[in-house]
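Below you'll find the structure, written out as structure tokens, and then a few comments.
The numbers here are math on the coordinates, done by the rules we state, and not lab data. A quick note: this is a predicted structure, and the numbers were derived from the prediction, not measured. Glycine gets a Cβ as well: all are built from the backbone with ideal geometry, and neighbour counts include every protein chain shown.
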Amino acid sequence: MNRFLWLIRREMWEHKAIWIAPAIVIACLFVLLLVSRAHLGYDVGMSFEDIPRDGQIRLHLLAYSIVTMIIFLVMGIVGFFYCIDSLYADRADRSVLFWKSLPLSDAETVLSKFATGAVVVPLVAAAGSVIAEVAVGGGLMAKLAISGEYAGLWLHPQALLGGALAAIICCVTAILWYAPLVAYLMLVSAWAPRAPFLWAVLPPIAAMVLETVVMQTSYVRDFIAGRLLGAYEALATRGANGGTGEEVNGLAALAERLGKVDWQGRVAHFFASPDLWLGVVAAGLLLAAAMWVRRYRGENS
């Protein structure tokens, strides 16, 4: 176990973007907060402080959820490039020969890189999201208070705990839902003779174009879009208007609509989805293939 943890530490040391990227995003959000003018409320005859406390907390949670999505989106990009380069770089610089000389199996190496891309990256994103929520919430609350405006409940324990819970849910969701994507990218990284990015991206694009031209269908496109965006669509606030199709005008109306969303039902439905667990099984098969490819193609660049 200690050896496996050291392998993960090695990945963190060699790929500093995993922990530098969220720090840069947090700094950018905080700078944007300082240089921008904060407005709370719309011209709808009701100020923000007139909204009930529960409604205010829901709006703060929505803002924290947006911050969380930004962090996870950036970390998703970082994770993509990490996975696509994870096994290819060892072959490209011949360092795979050094690692094969150590008492480390291909399974340990591949699993440590998979754990870094599929687990560590979402965990770092979740931690960065919580820090960003506190920084943005505290900074905005202080800025509004100094300017004499209503500061809201940005640092209310219920709002902070709700934001942290949203980050944890996104973390667990990303780990499970994107596991097959991470495994696929690692398989391509282990196999590609060169330019693994193109080998990872071009075949799905070619399959979508070929299906559209030949069969006039979009199954491949829908499958790829669902795998890339399905997790966020399941947990997003789309449908916060209760499915009535009514336009949401003003913060008070938005807070009321958010209160009607069955968040627990959405999360439970997501984790009961067959697509989720079939993807986990597919991730295991793709990882096994990546281990096999690394073992017999390790010395090739």
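Extending 7 Å from the Cα toward the beta-carbon at both Leu123 and Asp262 defines two label points whose distance is 3.4 nm.
What number, in percent, do you get for the relative contact order of the range 111-176 if the mean sequence gap of Cα pairs under 8 Å and at least 6 apart is divided by its residue count?
Working: 42 pairs, mean separation 28.5, N = 66.
It rounds to 43 percent for the range 111-176.
Sorting 280-289, 122-131 by average packing, meaning the other beta carbons within 10 Å per residue, from highest down gives 122-131, 280-289. Placing a label point 7 Å from the Cα of Glu108 along the Cα-to-Cβ direction, the residues of the range 1-27 whose backbone N falls under 19 Å of that point are 1-14.
For the pair Lys16 and Ala206, the difference between a 0.36 nm per residue extended length and the Cα-Cα distance amounts to 65.1 nm. Shown for His60, His156: other C-beta atoms within 10 Å of each C-beta, ranked fewest to most, produce the order His156, His60.
Panel order for Cys83, Cys170, by other beta carbons found within 10 Å of each beta carbon, from fewest to most: Cys170, Cys83. For the pair Leu198 and Leu34, label points projected 7 Å from Cα toward Cβ lie 4.4 nm apart.
Over the range 113-178, the pair-distance histogram of Cα-Cα distances with 10 Å bins from zero comes to 22, 38, 24, 13, 4, 0 percent, rounded to whole numbers.
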